[in-house]
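So the structure is just underneath, and the comments pick up after that.
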Amino acid sequence: MNSKSLNATSFKIAIVDIGFSLLTKDGVVLINECTIHDCYKNTQQTFHIKCGKKTLESICHKNQGQLQYNKQHFHQIPISYGSINHSDFCALLRQVLSQFDCILVKGDQKKSVLKNIVQKNTLCVLDFSQFQCPSIDSLFRLYENSNAPIKQSSCLFHNSSFQYCTAYKTQMLHTWLQTRGIEVYRLYRSWMRSRNE
Ligand SMILES: [Zn+2]
């Protein structure tokens, strides 16, 4: 049982989004970008994860087509770009996320990638689909022409409203979460109960 005393006002939620250079059916996962959005402070941090030389040689060569496609059609980040290596990034993510009560991600794949990195059943990770959140494309269309357009401020690579930037996406998801007044806390409590059964 988590002994931390919790109430809805001190409840700390982070939205995490992950960008991939490569994500294959046989389990090859190359993360290139990740944003952690602190919902309480409304601040975010974005990291760019560089691909090591060995990985480049072993994995990237045979997946060259898919890597190029993802870059051109989605993230635009060169494979060699980044300021932190994968294992340091994983350690940092574990450390930062341990400060939150609940983590929200969009989609099954990202949820499972995140859980693999964190490797901790004590961390509550919820999927936006549990709140009937629209697709990222729908959110983009909803917000791109609004009177108060959404802009990210933590990613140094992408412009402030690039659709496939993880910083931009977490900013959109946070805005959506606020306007809907979703009961994340209630779902968290039910997660806690199921864990203690
Ligand atoms: Zn970005």
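Bear in mind these aren't lab numbers, they're just calculated from the coordinates by the rules spelled out. Since we're looking at a predicted model, the values are computed, not measured. Note that each Cβ is placed from the backbone with ideal geometry, even for glycine, and that neighbours are counted across all protein chains shown.
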>> To make sure I understand the rule: partners must be aspartates and glutamates, Cα under 16 Å from the Cα of Lys115, and not fewer than 8 residues away in the same chain. Which ones qualify?
In response: Asp17, Asp101, Asp127
> Under 5 Å between amide H atoms, partner at least 5 residues away or on a different chain: which partners does Ser21 have, H built in plane at 1.01 Å?
Replying inline: Leu30, Ile31, Asn32
>> Can you give me the distance in nm between label points at Asn85 and Ser160, each placed 7 Å from the Cα along the Cα-to-Cβ direction?
In response: 3.6 nm
> lysines near Lys120 by alpha-carbon distance under 21 Å, same-chain residues fewer than 8 away left out - which ones?
Replying inline: Lys4, Lys12, Lys106, Lys110, Lys111
>> Output wanted: per-residue J couplings in Hz (rounded whole) for region 151-164, from phi through Karplus 6.51 cos²θ - 1.76 cosθ + 1.60, θ = phi - 60°, x for Gly and Pro.
In response: 9, 9, 10, 10, 9, 7, 8, 8, 6, 5, 9, 7, 4, 9
> Under the Karplus relation 6.51 cos²θ - 1.76 cosθ + 1.60, θ = phi - 60°, what is the ordered set of whole-Hz ³J(HN,Hα) values for region 61-71, x standing for Gly and Pro?
Replying inline: 4, 7, 10, 3, x, 5, 4, 5, 4, 4, 5
>> I need the Debye-formula profile for the chain: one equal scatterer per C-alpha, no solvent, reported as log10 I(q)/I(0) at q = 0.13, 0.14, 0.15, 0.19 1/Å, two decimals.
In response: -0.72, -0.83, -0.95, -1.43
> Which lysines have a Cα less than 23 Å from the Cα of Lys53, not counting those fewer than 8 places away in the same chain?
Replying inline: Lys25, Lys62, Lys71
